[in-house]
Every structure is written in structure tokens, then in C-alpha cells.
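In what follows, a structure is listed as C-alpha cells, so that the remarks can point back to it.
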Amino acid sequence: MGEKSSTVQDQEQQVRKVKRTLEGWRVALLSLKSVILWEQQWHPCAIVGSMTIMYLLIWLLDLNTLASIAIVGLILNFVDFMVPVICNQLYGSSSWTGQHEKTFEEICRSIVISYNKLVIYIHSFYSLRDTSPFMYYTISISTLCTVAWISSSINNIFLLYLLSTVVLLWPGIQRSGIFNSFFSVVNMAPKIPFLKSE
């Protein structure tokens with residue numbers, strides 16, 4: 001019982017830390033949440049369109065790896081500087097309501113929960129090295145070989161485009177229940193019985 005309460009306290013401390021870190025982004029995060037969760041029908045198109053334009057520009061610039069990393073770093077720093085300034089200019093503290101604060105806290109809590117789940121998955125995978133070394137090396141070697149084969153066969157910019165688009169669309173896919181409806185249609189399909197040998 002004490003371990004569970006300390007875990008809850010640790011999670012609340014993490015939520016407070018994330019809230020302090022994202023304080024300048026709180027207005028922008030409310031808008032981003034509605035886009036990522038597809039609260040409007042055009043939101044998936046906006047995600048795919050913005051990712052397509054961004055990766056098309058990267059492909060057209062045809063920069064080498066270090067220049068691409070430097071450009072992305074510059075853009076991220078610029079956005080990180082400008083978004084809080086613009087949000088504070090457009091929306092003063094008077095427009096921030098209790099409902100907005102509650103939504104902002106939910107966003108921070110979901111970030112913390114997702115981060116903790118990812119850490120648990122990584123630790124459980126690396127614990128396989130001690131508990132089941134054969135399984136650990138089979139999974140890691142086959143995954144790395146598959147990634148190396150796919151990345152040598154397909155353009156890496158296109159792979160990053162697909163990966164980042166799927167990652168951004170995934171919360172909306174989960175919320176809208178697309179997979180559940182797909183699997184229910186698959187389960188309703190007629191089953192073909194195997195022919196019995198007589």
C-alpha cells in the first residue's frame with residue numbers, strides 16, 4: 001500500500017514538473033490536443049498535409065545529415081522561443097479559465113503516464129537480457145536486421161515521413177476507434193471451413 005502511494009506521489013511530482021516546463025506552451029497545447037485527437041473532421045487532413053509539406057521541403061533542400069540536424073534544431077529553438085511569446089500576446093492571463101487549467105493538467109498527466117509506460121517497456125525489454133537471453137538477442141538482432149534491410153531498401157526521408165505521420169495520427173486513431181471497427185468487420189466476415197479428408 002505504501003509503495004502504491006509513493007508511486008502516486010512520484011507521478012504527481014512529475015505532473016507538477018511537466019506543468020512548470022510547459023507553462024509557456026499551455027495555450028498552444030490546448031489547440032494541439034484538439035488537433036491530435038481529431039475533434040474536427042479536417043484535423044487528420046491537417047496533420048497529414050503539414051507533415052507532407054514539411055518533409056517535401058526537406059526532400060527538396062536535399063541537405064546532408066549534419067545540415068539537416070542543424071536546420072531542425074534551429075527551427076525547434078525558434079518555435080520554442082516564439083510560441084510562448086505569441087501566446088502571451090494573443091491570450092492574456094484573464095482568458096485562462098479553470099476549465100483550461102484542468103485540461104492543461106490532463107495533458108500533462110497523459111504525457112507523464114505515456115513517458116512512464118515507455119520507461120517500463122524499455123526496462124522490461126532489457127530485463128529479458130538477464131531472465132531470457134535467447135529471447136532478448138533473438139528479438140534485438142532480428143529487429144535490427146529488419147530495420148537495416150528496410151532502411152537500405154527504402155528512402156530514409158520517406159520512412160521518417162511515414163513514422164512521424166503514424167505517430168501523430170495514432171492518438172486520433174485510438175480515440176475514434178478505427179481499429180475496433182475494422183476488427184469487428186473482420187470478425188463478422190464468413191469463415192471458410194477447411195475441407196475434411198475422408
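The values are calculated or read from the model by the stated rules, or taken from the named source; none is laboratory data. None of the values given here were measured: they were computed from a predicted structure. Counting neighbours? That spans all protein chains shown, and the Cβs are built from the backbone with ideal geometry, glycine included. Areas reflect the complete protein model, heavy atoms only, side chains present, ligands, DNA and RNA absent. Shrake-Rupley method; radii C 1.70, N 1.55, O 1.52, S 1.80 Å.
Tabulated data for the structure shown
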item: Some residue of the stretch 59-78 being open to solvent by 100 Å² or more (accessible area, probe 1.4 Å) and either among the small types (Gly, Ala, Ser) or in contact with a helix residue (DSSP H, G or I) (Cβ under 7 Å, 6 or more places away or on another chain) (or both); result: yes
item: Lone unmet requirement of (1) in contact with a Phe, Trp or Tyr (Cβ under 9 Å, 6 or more places away or on another chain); (2) surrounded by fewer than 11 Cβ atoms within 10 Å (Cβ to Cβ); (3) basic (Lys, Arg) for Lys117; result: (1)
item: Qualifying position, being more than 24 Å from the chain's Cα centre (by Cα), more than 24 Å from Arg16 (Cβ to Cβ) and not β-branched (Val, Ile, Thr), among Leu76, Leu60; result: Leu60
item: Output for the stretch 86-108, where each listed residue is open to solvent by less than 50 Å² (accessible area, probe 1.4 Å) and in a helix (DSSP H, G or I); result: Cys87, Thr103, Phe104, Ile107, Cys108
item: Some residue of the stretch 14-35 being within 24 Å of Gln174 (Cα to Cα), open to solvent by 90 Å² or more (accessible area, probe 1.4 Å) and of a type in the set (A, V, I, L, M, F, W, C); result: no
item: Residues of the stretch 62-84 classified as touching a residue at least 24 places away in the same chain (Cβ under 8 Å) and among the hydrophobic types (A, V, I, L, M, F, W, C), total; result: 1
